[in-house]
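Have a look at the structure below, then the notes.
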Amino acid sequence: MNASVLIGIVAALLAALAWSLNFIVPFVIGDYSIFDIALFRFLISGLLAFAYLMFKWKNVRNLRLGDWLMSFALGLIGYLVYFQALAAAAVYAGPVIAPAFLALVPVVLAIAGNLRQPTIAWRHLAFPFTLATIGLLLVNWGSFDQATIGEAPSLLIGIPLAILAAACWVWFGLLNQSALANRPQMNAGVWTALIMTGASLGMLAFVPVGLLLNVFASTRLGLGWNVAASLYIWGTVLALTASLGGALAWTFASQRLPVALSAQLITMETVFGTTLGLLIRRRWPTLVEGVGMIVLLAGVVMTIHIFHGRRSVLGVQAFELSDTSDFD
């Protein structure tokens, strides 16, 4: 395994860890709403992204209109809409059930990715995909016990929102990989900053609508440090990790790995998210959940081995990318 592929694998895992924080945010910001945290989060990440674009003006001035439009669309789909849908799903369906419904997204994304970008023969992927699917189902088996379901305020609202978040995730993953494949010389930092700028502009455009709908609790609670400390702290944490950090890590992964592999690695977001949900509920994972994590990890490790082993697939050596861009 060369250095570029290793960087891609580590980056995908870091993105999964960063994004898993989305599952717990609604439960650590007190009486403020998910719209308050989203506004503060995307304002910070947007300002930092804009500052970086100014610093990299030499690269920015060579961008085409299509680059701006595509990256902004990715920011809206993969960050703003995804985050709002996921956070709202966690509120209505609970912090454990929400990530459970996202469990099969990486498998769907991997299958769709290998259909669009044939990399590995399906007969080689069948077993690890099956392991990952079984592992994800086992990890989330306890999410649907009577006690957990009883704690959920409204599954009829939360489950559709979780499905919407899942759809955004798949769309973002495929669209981002395709966009980067068509832009092999794109600087990872610039692309990340463009995506974050798009998400931030989308959030700002939503503010007047949100005020009319009265979804911002900050208009009622105020923004003094004594009441809004958690909002400021978690907004900053999310801006630096789930927004900028997650986007940058996923850009690195998308430039170096085929979708079928990076999607398998992102299954760890479900493990991280479910684990955080269990911590919030203050309980240990059950035996079934523990076995599920082991099975899931086995599927991920096997997928890495298949992609970068000594197999000859489709008449060529297994997929291997050279380093195409760096964060300079």
**OP:** Go over the candidates Leu14, Leu6 one by one and state the one that is within 16 Å of Leu240 (Cα to Cα) and open to solvent by 10 Å² or more (accessible area, probe 1.4 Å).
**Re:** Leu14
**OP:** Residues that are within 22 Å of Gly210 (Cα to Cα): find the helices (runs of 4 or more DSSP H) completely inside segment 19-95 holding 2 or more of those.
**Re:** 34-55, 65-75, 82-93
Original post:
Of the conditions (1) open to solvent by 10 Å² or more (accessible area, probe 1.4 Å); (2) at pLDDT 70 or above; (3) small (Gly, Ala, Ser); (4) touching a helix residue (DSSP H, G or I) at 6+ places or on another chain (Cβ under 9 Å), Ala89 fails just one. Which one is it?
Top reply: (1)
Subject >> Filter result (within 15 Å of Leu278 (Cβ to Cβ), in a helix (DSSP H, G or I) and at pLDDT below 75) within segment 137-146 >> reply: Val139, Trp141, Gly142, Ser143, Phe144
Original post:
Which residue, of Ala263, Ala188, is over 30 Å from Asp31 (Cα atoms) and in contact with a Pro (Cβ under 6 Å, 6 or more places away or on another chain)?
Top reply: Ala263
Original post:
For Ala217, all conditions in the list (1) in contact with a Phe, Trp or Tyr (Cβ under 6 Å, 6 or more places away or on another chain); (2) within 30 Å of Pro184 (Cα to Cα) hold save one; what is the number of the exception?
Top reply: (2)
Original post:
So Ile163 clears everything in (1) at pLDDT 75 or above; (2) crowded, with 22+ Cβ neighbours inside 10 Å; (3) of a type outside the set (Asp, Glu) except one condition, right? Which one?
Top reply: (2)
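Rundown of residues vs (1) in contact (Cβ under 8 Å) with a residue 12 or more places away in the chain; (2) open to solvent by less than 60 Å² (accessible area, probe 1.4 Å), yes/no style:
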position	(1), (2)
Gln264	yes, yes
Glu269	yes, yes
Arg282	no, no
Val291	yes, no
Val295	yes, yes
Ala298	yes, yes
Val301	no, no
His305	no, no
Original post:
Can Ala199 be described as small (Gly, Ala, Ser), over 15 Å from Phe42 (Cβ atoms), touching a Leu at 6+ places or on another chain (Cβ under 9 Å) and open to solvent by less than 40 Å² (accessible area, probe 1.4 Å)?
Top reply: no
Original post:
Is there a residue being open to solvent by 10 Å² or more (accessible area, probe 1.4 Å), within 16 Å of the chain's Cα centre (by Cα) and without any contact (Cβ under 8 Å) to a residue 12 or more places away in the chain anywhere in segment 170-190?
Top reply: no
**OP:** Give segment 37-51 a look and list any residue that's in contact (Cβ under 8 Å) with a residue 60 or more places away in the chain and among the small types (Gly, Ala, Ser), or say none.
**Re:** Ala38, Ser45, Gly46, Ala49
Subject >> Matching residues, segment 215-251, being part of a loop (DSSP other than H, G, I, E, B) and on the phi < 0 side of the Ramachandran plot >> reply: Val215, Phe216, Ala217, Leu223, Gly224
Original post:
In this structure, is Ala38 modelled with pLDDT under 90 and over 23 Å from Leu296 (Cβ atoms)?
Top reply: yes
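The values are calculated or read from the model by the stated rules, or taken from the named source; none is laboratory data. Bear in mind that the values here come from a model prediction, so they are computed numbers and not experimental data. Ideal geometry is used to build each Cβ from the backbone, glycine not excepted, and the neighbour counts take in all protein chains shown. Side chains included, ligands, DNA and RNA excluded: accessible areas come from the protein's heavy atoms. Shrake-Rupley method; radii C 1.70, N 1.55, O 1.52, S 1.80 Å.
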